[in-house]
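Q: Here it is: the structure, laid out below.
The values are calculated or read from the model by the stated rules, or taken from the named source; none is laboratory data. Everything numeric in this text was worked out from a predicted model, so none of it was measured. Don't worry about glycine lacking a Cβ; one is built from the backbone with ideal geometry, like all the others, and counts go over all protein chains shown. Protein only, heavy atoms only, side chains kept; ligands, DNA and RNA dropped before computing areas. Shrake-Rupley method; radii C 1.70, N 1.55, O 1.52, S 1.80 Å.
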Amino acid sequence: MLGLEPHVLLLLLACLLAACAFEFVNGFHDTANAVATVIYTNTLRPWVAVIWSAFWNFIGVFAGGIGVAMGIVYLLPVESLVDQNVYHGIAMVGALIVAAIIWNVGTWYYGLPSSSSHALIGSILGVGIAFSFLPDSRGAAVNWGKAGETGLALLISPIFGFSLTIVMMFLLKRFVRSKAIFKEPHKRKPPPLWIRLILIVTCTLVSFFHGSNDGQKGVGLVMLILIGIVPTFYALNKDLNPLDMRESLTKVEQVLGKVNAAGLSEADQKLLAESRAQTADLDRIFAGKTSVNDLPQNARFEIRRDILLLNNRASKLVASKQLPISTVDREQYDTAIKNMRTFTDYAPKWVLIIVSISLGLGTMIGWQRIVKTIGERIGKEHLTYAQGASSELVAASMIGVTTAFGLPTSTTHVLSSAIAGSMVANRGIKNLNPQMVRNIALAWVLTLPVTMFLAGGIFLLFRAIL
């Protein structure tokens with residue numbers, strides 16, 4: 001299989017199994033966010049709600065695209081993604097998976113709605129920072145630009161979730177005449193049909209968007225494993241012909257050819273020289289090739305390496321306002337480099353399948369602990385129909401928007417914040433359970449530093465061993 005040595009194949013399978021385990025844990029850790037409201041309002045029986053949520057999580061993985069997945073992959077420094085050493089790849093992906101799973105299982109055990117997204121992102125950041133300490137890193141650490149975008153999305157989404165739910169509750173109180181939706185649900189009776197339908201729709205939307213966002217994180221994790229351990233085989237999208245990128249390469253070269261190095265700063269001159277070196281190497285690989293069969297298997301990894309390094313160097317250069325090129329040239333470069341990235345930014349169908357199955361199965365197991373926290377412990381009152389519907393509608397909207405922009409967000413943080421906002425909207429800030437809010441906030445604050453430290457330490461240990 002893939003021409004790997006037996007022990008490397010076993011390590012690959014172990015890493016893939018661990019990635020599925022992470023997504024499985026993600027399922028039972030985060031799915032409570034979707035089903036808590038329909039369970040605590042007697043809208044659906046628990047097992048019906050869980051199976052329904054699992055189904056829409058499964059669908060969401062396939063419908064979500066790969067924008068978030070690639071955002072996760074490219075948090076790591078490019079230099080770590082173009083390292084063809086199999087054992088270095090195993091150390092990288094093994095460390096971040098182990099660290100993320102340790103934190104997820106620990107917070108689940110104590111019933112804390114901690115974020116699987118934060119755990120994975122913290123682990124990736126920890127590995128990236130630890131990588132910078134290695135002699136062969138050339139000082140490369142985390143892709144801080146991408147990390148900044150991700151961090152902003154993770155920070156803003158719960159704030160919006162909290163605030164928008166308060167607004168939503170205000171609007172419901174102002175314009176909905178029926179007072180039934182603001183009362184505590186009857187312990188044995190389902191809600192009125194129209195309320196029930198609204199709650200089922202909001203549960204479905206949260207489940208779908210959770211799959212489309214969090215499922216992509218699992219896809220990104222599996223792609224990190226494949227790129228790190230079998231880089232030659234999974235370097236490029238096999239459904240595309242690498243020779244078709246030559247037109248885009250020519251356009252990039254045309255733009256770079258218009259740049260006069262003499263008028264640039266020393267740093268920009270270095271970027272220009274490195275960018276031209278990558279295009280020259282791609283020209284060398286493509287020279288004389290008329291068919292995809294003419295490309296050696298190893299050439300696929302070289303093409304991937306050159307595209308990623310070219311994108312990393314040239315994009316910084318073209319983004320510089322001091323660069324004397326026209327807007328048309330900048331647009332030509334952007335279009336061309338995006339086309340070239342379609343060859344590297346992909347996920348095979350089987351990856352989507354195993355991630356969606358893992359997430360779906362995890363959804364149906366272990367959800368009770370977090371459901372109880374969401375439904376009973378964030379506020380001092382039982383969840384009402386209005387609180388459940390408004391919280392999930394806001395959460396689904398926030399997750400959907402961030403997914404559309406290719407940014408990871410935390411389902412846990414958004415919905416927990418929305419539930420808290422609904423409690424405040426009902427009876428003010430005193431309606432929150434201070435001890436549980438403190439515990440949740442502490443888990444949120446500690447997730448990034450703890451997972452960064454864990455993943456970084458494990459990575460350096462693995463690199464020393466491997």
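Q: Could you please give the count of residues in segment 174-198 that are in a helix (DSSP H, G or I) and either on the phi > 0 side of the Ramachandran plot or open to solvent by less than 80 Å² (accessible area, probe 1.4 Å) (or both)?
A: Here the count works out to 5.
Q: Further question: Looking at Thr447, Thr403, Thr412 in this structure, which one is hydroxyl-bearing (Ser, Thr, Tyr) and at pLDDT below 80?
A: It is Thr412.
Q: Sort out which residues of segment 353-382 are open to solvent by 20 Å² or more (accessible area, probe 1.4 Å) and either modelled with pLDDT of 80 or more or basic (Lys, Arg) (or both), and write them in order of number.
A: Within segment 353-382, Ile353, Ile354, Ile357, Leu361, Arg369, Lys372, Arg377, Lys380 qualify.
Q: So, one more: Across segment 55-89, what is the total count of residues that are open to solvent by 10 Å² or more (accessible area, probe 1.4 Å) and either touching a strand residue (DSSP E or B) at 6+ places or on another chain (Cβ under 9 Å) or assigned to a helix (DSSP H, G or I) (or both)?
A: The number of residues fulfilling the criteria is 14.
Q: Test of understanding: among Ala389, Ala464, Ala455, which residue is at pLDDT 80 or above, assigned to a helix (DSSP H, G or I) and within 23 Å of Leu172 (Cα to Cα)?
A: Ala389
Per-residue answers, yes or no, for (1) modelled with pLDDT of 90 or more; (2) open to solvent by 60 Å² or more (accessible area, probe 1.4 Å); (3) closer than 30 Å to Glu23 by Cβ:
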| residue | (1), (2), (3) |
| --- | --- |
| Gln278 | yes, no, no |
| Pro296 | no, yes, no |
| Arg300 | no, no, yes |
| Asp306 | yes, no, no |
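Q: From the set of residues in segment 216-241 that are buried (at least 20 other Cβ atoms within 10 Å of the Cβ) and in contact with a Lys or Arg (Cβ under 7 Å, 6 or more places away or on another chain), which is modelled with the lowest pLDDT?
A: Ala235
Q: Next question, about the same structure. Among Gly211, Gly220, which is the only one that is closer than 22 Å to Val127 by Cβ and either part of a helix (DSSP H, G or I) or touching a Cys at 6+ places or on another chain (Cβ under 9 Å) (or both)?
A: Of the residues listed, the single one that is closer than 22 Å to Val127 by Cβ and either part of a helix (DSSP H, G or I) or touching a Cys at 6+ places or on another chain (Cβ under 9 Å) (or both) is Gly220.
Q: Sort through Val201, Val255 and tell me the only one that's farther than 26 Å from Lys316 by Cα and either part of a helix (DSSP H, G or I) or over 24 Å from the mean Cα position of the chain (by Cα) (or both).
A: After ruling out the rest, the residue left standing is Val201.
Q: Could you please tell me which pairs satisfy a Cβ distance under 6 Å, a separation of 6+ or placement on different chains, a first residue in segment 177-189 that is of a type in the set (Phe, Trp, Tyr), and a second residue that is open to solvent by less than 100 Å² (accessible area, probe 1.4 Å)?
A: Matching pairs, first to second residue: Phe182/Thr384; Phe182/Ala386.
Q: Show the residue pairs meeting these rules: Cβ distance below 9 Å; 6+ apart or different chains; first residue within segment 256-268 and hydroxyl-bearing (Ser, Thr, Tyr); second residue open to solvent by less than 40 Å² (accessible area, probe 1.4 Å).
A: Listed by first residue and then by second, the contacts come to Ser265/Ser320.
Q: I would also like to ask the following. Arg45 versus (1) closer than 28 Å to Phe131 by Cβ; (2) without any contact (Cβ under 8 Å) to a residue 60 or more places away in the chain: which is the lone unmet condition?
A: In the conditions (1) closer than 28 Å to Phe131 by Cβ; (2) without any contact (Cβ under 8 Å) to a residue 60 or more places away in the chain, Arg45 misses (1) alone.
Q: Out of the residues in segment 81-106 that are farther than 18 Å from Leu359 by Cβ and of a type in the set (S, T, N, Q), which is modelled with the lowest pLDDT?
A: Gln84
Q: A follow-up question, please. Quick check, is Leu383 of a type outside the set (Val, Ile, Thr) and in a helix (DSSP H, G or I)?
A: no
Q: So which pairs qualify, if the first residue must be in segment 132-157 and at pLDDT 75 or above, the second must be among the charged types (D, E, K, R) and in a helix (DSSP H, G or I), the Cβ gap must be under 8 Å, and the two must be at least 6 apart or on different chains?
A: Leu134/Arg463
Q: Please go through segment 242-257 and give me each residue that is surrounded by 18 or more Cβ atoms within 10 Å (Cβ to Cβ), touching a Leu at 6+ places or on another chain (Cβ under 9 Å) and not β-branched (Val, Ile, Thr), ordered by number.
A: Pro242, Met245, Leu249, Leu256
Q: Hey, another quick one. Those residues that are within 20 Å of Leu76 (Cβ to Cβ) and acidic (Asp, Glu), I need them from segment 297-333; list them, please.
A: Those that are within 20 Å of Leu76 (Cβ to Cβ) and acidic (Asp, Glu): Glu302, Asp306.
Q: Still on this structure, please answer the following. Which number in (1) open to solvent by less than 20 Å² (accessible area, probe 1.4 Å); (2) modelled with pLDDT of 80 or more marks the one condition that Ile39 misses?
A: The number of the failed condition is (1).
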